[in-house]
Amino acid sequence: MLVVGVVILAVAAFGILSGGDDDDGDTAEPVTTEATGGDDDAGDDGDDPATDDAMSAPDCDPETGRIMVPTLLAPNCVPLWDETADNGGATHTGVTADEITLVIYDGPDTDETQIVREAGGTDTITPEEVTSNRERVVEAYQALYETYGRTVVPIVMETAAESDDEVGARADAIRAADELGAFAVIGGPAGTTAFASELASRGVLCFCTASLPQERYEEWAPHVWPGLMSSTQAYVHRADFIVDQLAGKPAEFAGDEALQTQERKFGLVWYETADGAYADGVRFFKEQLAEDGIELELDMAYIYGTGATLDEDAQTIIVRMKDAGVTSVIFAGDPFMPTSLTNQATAQDYWPEWIITGSTGTDSSALARRYDQEQWANAFGISLLLPTLDPEMLQQEGNLVSWFHGEELSSYPSIYDVGRLFTGIHLAGPELTPETFRDGMFSFKPVWGHPTEYGVSYGQDIWDFDDYTGADDIKVIWYDPETADPTVETDPPLGVYRYVDGGKRYLPGEMGDIGEFFNEEGTVIWFTERPESDIPPRYPPRTSREG
């Protein structure tokens, strides 16, 4: 069941709600790299003894400058640690000479989390199985990455606080920091920034939040490390897409023939939290569009809710969009609101273009099938997610954890964030603090140019601000309601996203004119095999850094 990583990793691990995305800041010119990304010279600086020691480590691949584990995201080589050496002992809260405390946030189940589990095929996995699998994920990284004599100890912190409960979020953060003594926390509530803010104020790393503005991550630096890009980065891509592909042209993909000959008028629907976390992102987006003479006809926020709340909000939004003459609705919200919006649009006989922006889950085929299919047949845009991959290919390929254990697990809880945590520890050196963790992550050799893998960099390899996020690139998609999902063997449902230009992923400023939408030529709906440049390196199994 290795396929669970496709949706669950992309949706649940990054927070069920990516929100409306906020952001602030500019983008630098993208760096040109080889397909494997990073520095071509494998990191050998010749006269640097530390570099020489790193390159001669028994797990170092001198051709890539990365350790020999089967992932394109392997960290840079580092010297093999002498277990008799002094690692500095208790260098920070949650760190001793022997242990690093990791807290796993476990919030209450909701209808939405169950939907995500069903979409990802993990709804039948028991809590006990999840706990066991998580321990085995940590065990693999512990053995294969350098931790300088320390063992990462995961502790699950259960909470009954709802995702938008600011008081409960702060109390949970204090509990993680003070009672459990965390160095780092994975996960957190999606509906408030209070959890991340409180942890940062107490010097605790948090692999949490969803696509907040860059200024938030700078405020909390170097403590908060979100999975996907900040809304600043996402809105740069979104503005690129609107400017390069859509603006000044007729709304030819609208469902209403009367709209198809009109020049596009854009309306934005975006997710907001009670503490106003996402408003700066919309402001930044408007500024980006204004630089090219584009003005939104209307923008409307909604506070995430369920049932009647979403339906009522959707009814108001659709009335306003239709009355304003919006031909093209840009959606930057949670993965469940489009169900209400598209139902309301049909009820009001409103058939615009739907512009997908990659806000979490809306670019997942399994969730898109929950939307009004006649409406969503006019949906296209950008996606931050990885493409759908053939489960059989994934099972044969395995991953770092199954490679280490010699068997496939039923799920890989938190594997993405666990991997990023261990990468930072590995690159930080023995004096582990949030600052050395940041410096280690910023030294990570970038990875770009792979249709089936995220482009990943940290620091200022691409952006002209410090990047704390886990992805840089996007792909272009459109929704095909008539094609069966090839990943489902029995009675496959209709409705899949098609990836334009063979699923190519674009760094900021790279997109240009990508061609025609709603034309199957050159598109893919899944990958049954990886492009040669995307195939993870193959190495003999290892049980430790030594071999």
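Secondary structure note: in the chain, about 35% of the DSSP beta bridges are antiparallel.
For the chain, relative contact order (Cα pairs under 8 Å, six or more residues apart, normalised by length) works out to 22 percent.
Applying 1/(1 + (r/R0)^6) with r as the Cβ-Cβ distance of Ala290 and Asp323 and R0 = 25 angstrom yields a FRET efficiency of 0.60. Bridgeable aspartates and glutamates around Lys286 (alpha carbons under 15 Å apart, same-chain partners fewer than 8 residues away excluded): Asp21, Asp22, Asp23, Asp24, Asp26, Asp240, Glu295, Glu297, Asp299. Taken one residue at a time, the phi angles of region 384-393 give Karplus couplings (6.51, -1.76, 1.60, θ = phi - 60°) of 8, 6, 6, x, 6, 10, 4, x, 5, 4 Hz. Gly and Pro are set to x. Label-to-label distance, Val167 versus Asp439, with points set 7 angstrom from Cα along the beta-carbon direction: 4.3 nm. For Leu389, the residues whose amide H sits under 5 Å from its own are Phe527, ignoring neighbours fewer than 5 places away on the same chain, with H placed 1.01 Å from N. Here the translational diffusion coefficient of region 225-327 follows from Stokes-Einstein with Rh set to the Kirkwood radius across Cα pairs; for 25 °C and 0.890 mPa s it amounts to 163 µm²/s.
For region 270-428, the Kirkwood estimate of hydrodynamic radius, built from reciprocal distances between every pair of different alpha carbons, is 18.4 Å. In order along region 145-157, the Karplus-derived 3J(HN,Hα) couplings, from 6.51 cos²θ - 1.76 cosθ + 1.60 at θ = phi - 60°, round to 9, 7, 10, 6, x, 10, 10, 7, 10, x, 10, 7, 10 Hz, and Gly and Pro are given as x.
Computed from label points 7 Å out along Cα-Cβ, the spacing between Leu80 and Glu128 is 4.0 nm. Computed extension length for Val488-Ile514: 6.4 nm, one decimal, from 0.36 nm per residue of separation with the Cα-Cα distance subtracted. Placing a pseudo-label 7 Å from each Cα along the Cα-to-Cβ vector at Asp106 and Gln262 gives an inter-label distance of 5.2 nm.
Only the Cβ atoms of Lys and Arg (+1) and of Asp and Glu (-1) were treated as charged; on that basis the dipole of region 285-339 about its Cα centre amounts to roughly 180 debye.
Among Tyr371, Tyr302, a tally of other beta-carbon atoms within 10 Å of each Cβ gives an order, fewest to most, of Tyr302, Tyr371.
Using 1/(1 + (r/R0)^6) with R0 = 35 angstrom and r between the beta carbons of Ala160 and Asp52, what's the FRET efficiency to the nearest 0.05?
0.10
Our summary gives region 387-511 a relative contact order of 17 percent, counting only alpha carbon pairs under 8 angstrom and 6 or more residues apart. Backbone geometry of region 86-96 corresponds, through the Karplus equation with coefficients 6.51, -1.76 and 1.60 at θ = phi - 60°, to 3J(HN,Hα) couplings of 8, 8, x, x, 7, 7, 6, 3, x, 10, 10 Hz, x marking Gly and Pro. Note on Glu312 and Asp464: the extension gain reaches 50.6 nm, defined as 0.36 nm multiplied by sequence separation minus the Cα-Cα distance. Distant-in-sequence amide contacts of Leu268, defined by a placed amide H-H separation under 5 Å and a gap of 5 or more residues or a different chain, comprise Leu298, Asp299, Met300, Ile330. In terms of overall dimensions, the chain has a Cα radius of gyration and Dmax of 22.7, 76 angstrom. In the distance distribution for region 437-547, Cα-Cα pairs more than 20 Å apart total 58 percent. Near the amide H of Asp467, within less than 5 Å, lie the amide hydrogens of Gly459, Gln460, all on another chain or at least 5 residues away, with H placed in the peptide plane.
Relative contact order, whole percent, for region 208-335 stands at 27, derived from Cα pairs under 8 Å and 6 or more residues apart. Here Glu63 and Ala97 are evaluated by their C-beta separation; at R0 = 35 Å the FRET efficiency comes out at 0.50. Each residue in Asp323, Asp172 was given a count of other beta-carbon atoms within 10 angstrom of its own, and listing them fewest first yields Asp323, Asp172.
Measuring spread by the Cα atoms of region 183-258 yields a radius of gyration and Dmax of 17.8, 58 Å.
The numbers here are math on the coordinates, done by the rules we state, and not lab data. Keep in mind that what you see is a predicted model, and the values were worked out from it rather than measured. Reconstructed Cβ throughout: ideal geometry from the backbone, glycine too, with neighbour counts over all protein chains shown.
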